[in-house]
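Since the structure comes first, as structure tokens, the remarks are kept for the end.
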Amino acid sequence: MTYRPPTALPPDLIDQDDIHRALVRHDFGVVFRLAREHAGISYSKIATECDIKPNRVGELAKGRGRITTFEKIVQIADALRVPGHVLGLAPRPWEADSPGHSSEEIGSHVRRRTILKAATSAGLAAALPALHTPDPPSRITPAYVEELRARAARLRRLDIYLGGGDTCRVYLAEVQRTKSLLRAAVFTDDARQRATALLSEQAQQAGWSAFDSGRTREAVDLYQESRALAREAQDSDLYGNALAFLAYKIGPDDRQAAVSVAEASCATITARTPSTVRALLHERRAWACALDGQIAGTERALEAAHNALDSTQDGEPQPDWAAWVDHVELDIMTGRCWTELQRPLRAVPALTRALGHYSDDHARDKSLYLSWLAQAYFTAGEVEMAAQHVSRAAALARGVASRRPAQRLTPLIDRLRPHAALPAVRELLEGTVA
């Protein structure tokens, strides 16, 4: 008989509108509180089964702090016996032995209403149990591959609002689907080459989400796979971008190697390379140079990126995977580079100007960019301004399924601790204890 933990929620409780909404939104403090009120499950039992400190459970139940790590969300799902699809996870191993928890439960009006409501605020990948995957035609044509490419472009928009912990499973599923298509389907004309290029593109997106969720080894494998696929598809733009992704990952560990890989990515640029792709490759080279302390190399790469964007022709086709690169994005990278080079007078104006274009809906990215602004202010000796921006970044990062904001903010908070006598720093430290 399968073990059933003492914290398992009754199925009818999971179906209740308030607790189901909280589960979908990963608001586990509300879940813990409702579990105690309606099912008599004590915080001490929750703490034991979920491997969370008892006082932390109480703080969460009071609305202080959030659970954001993928591993802990999985642990809570198993302890509370919450079906995987409710939390945006794959079905849990115990679900086959848990009657009434199949994915078909989604049929009730209340459940559908709750999920649709949550989708607008918590993101589609976290709210929907599965993405619709229609059966492919008997023969794969270039037109059908373009339909799949359009699908990939739509799914890419999830990354604007969600972290890799939410999106990685979606993107990996798309990779596997295209791989199956290439193995088993019959292709016409140049459809196979186009599908191979699409798979390269999908592998890059999956690699990025894996990197964002802290699965770095998996990210590198996907980037390397993408590079091989791009070469097979004879797509020099995707090949260059795969190299740029690898340089971005290598940077913190081997700065000189990252510069070499970034330079190799820029060497793929030809007269036919779209302007956004050229700008993207050059700005990634700028970042590699900045991490290596190369001021002149950073300046040259940033100038090349600006020139690429300035040369964009009206109506020039741009691949969707690079369409997000614009002058605002380049301001962000410019500010990041000058922050790393400890030039705050150059960094602060660029970051401030760019952040004015970001709404709080872009929580992960805005949190990250605020962290560089905070670092630049700290370098300039403006400790209170740095603390204010770290506080804002930390607030935005709560509930975002990404490892990167914490990786950026934790060392900044540690650097601010010696200044705890300042009101802004004290407020920051008190607010991040939970």
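Table: residues versus (1) of a type in the set (D, E, K, R); (2) over 30 Å from residue 399 (Cα atoms).
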{"site": "292", "(1), (2)": "yes, yes"}
{"site": "296", "(1), (2)": "no, yes"}
{"site": "302", "(1), (2)": "no, yes"}
{"site": "320", "(1), (2)": "yes, no"}
Check your understanding: For region 150-204, what are the residues that are buried (at least 16 other Cβ atoms within 10 Å of the Cβ), among the β-branched types (Val, Ile, Thr) and out of contact with any Ser or Thr (no Cβ under 7 Å at 6 or more places or on another chain)?
Key -> 170, 175, 178, 196
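What number of residues within region 346-363 are out of contact with any Phe, Trp or Tyr (no Cβ under 8 Å at 6 or more places or on another chain) and either under 22 Å from residue 291 (Cβ atoms) or basic (Lys, Arg) (or both)?
Final tally of qualifying residues: 2.
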Practice item. Return the total of residues in region 318-346 being open to solvent by less than 10 Å² (accessible area, probe 1.4 Å) and without any contact (Cβ under 8 Å) to a residue 60 or more places away in the chain. Key: 7
**Study point:** Residues being closer than 15 Å to residue 78 by Cβ and open to solvent by less than 50 Å² (accessible area, probe 1.4 Å) - total across region 1-25
**Key:** 6
Exercise for review: Identify, by number, the condition in (1) under 18 Å from the mean Cα position of the chain (by Cα); (2) farther than 30 Å from residue 71 by Cβ; (3) β-branched (Val, Ile, Thr) that residue 352 doesn't meet.
Suggested key: (1)
Point to revise | Residues of region 283-301 that turn out to be closer than 16 Å to residue 250 by Cα, part of a helix (DSSP H, G or I) and open to solvent by 10 Å² or more (accessible area, probe 1.4 Å), as a count | key: 4
**Study point:** Boolean, residue 273 is open to solvent by less than 10 Å² (accessible area, probe 1.4 Å) and either in contact with a Leu (Cβ under 9 Å, 6 or more places away or on another chain) or within 23 Å of residue 344 (Cβ to Cβ) (or both)
**Key:** yes
Study note, to complete from the structure: Counting only residues in region 20-34 that are outside any loop (DSSP other than H, G, I, E, B) and at pLDDT below 90, the one nearest to the chain's Cα centre (by Cα) is identified as 24
Exercise for review: Output the number of residues of region 35-67 satisfying the condition of being of a type outside the set (D, E, K, R), surrounded by fewer than 20 Cβ atoms within 10 Å (Cβ to Cβ), outside any helix (DSSP H, G or I) and in contact (Cβ under 8 Å) with a residue 24 or more places away in the chain.
Suggested key: 2
Review point. Among 248, 239, which is the only one that is among the hydroxyl-bearing types (Ser, Thr, Tyr), under 22 Å from residue 206 (Cβ atoms) and at pLDDT below 95?
Key: 248
Practice item. Output yes when any residue across region 174-187 is closer than 25 Å to residue 361 by Cβ and either more than 22 Å from the chain's Cα centre (by Cα) or assigned to a helix (DSSP H, G or I) (or both), and no when none is. Key: yes
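Being farther than 16 Å from residue 340 by Cβ and under 14 Å from the mean Cα position of the chain (by Cα) is true for just one of 390, 400, 383. Which residue is that?
Unique residue meeting the criteria: 400.
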**Study point:** Residues within region 323-342 that are closer than 28 Å to residue 311 by Cα and not in a helix (DSSP H, G or I), tallied
**Key:** 5
Exercise for review: Kindly provide the set of residues from region 251-275 that are at pLDDT 95 or above, part of a loop (DSSP other than H, G, I, E, B) and over 23 Å from residue 321 (Cβ atoms), ordered by number.
Suggested key: none
**Study point:** 1 or more residues open to solvent by 60 Å² or more (accessible area, probe 1.4 Å): qualifying helices (runs of 4 or more DSSP H) within region 355-434
**Key:** 383-397, 404-416, 423-432
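Name the single residue that is most open to solvent (accessible area, probe 1.4 Å) among those in region 72-92 being basic (Lys, Arg) and part of a loop (DSSP other than H, G, I, E, B).
Among residues in region 72-92 that are basic (Lys, Arg) and part of a loop (DSSP other than H, G, I, E, B), the one most open to solvent (accessible area, probe 1.4 Å) is 92.
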Exercise for review: Filter region 210-252 down to residues that are over 25 Å from residue 183 (Cα atoms) and hydroxyl-bearing (Ser, Thr, Tyr) and give me whichever is most open to solvent (accessible area, probe 1.4 Å).
Suggested key: 216
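The values are calculated or read from the model by the stated rules, or taken from the named source; none is laboratory data. Everything numeric in this text was worked out from a predicted model, so none of it was measured. As a convention, Cβ positions derive from the backbone with ideal geometry for all residues, glycine included, and neighbour counts pool all protein chains shown. Note: accessible area is taken over every heavy atom of the protein model, side chains too, but ligands, DNA and RNA are not part of it. Shrake-Rupley method; radii C 1.70, N 1.55, O 1.52, S 1.80 Å.
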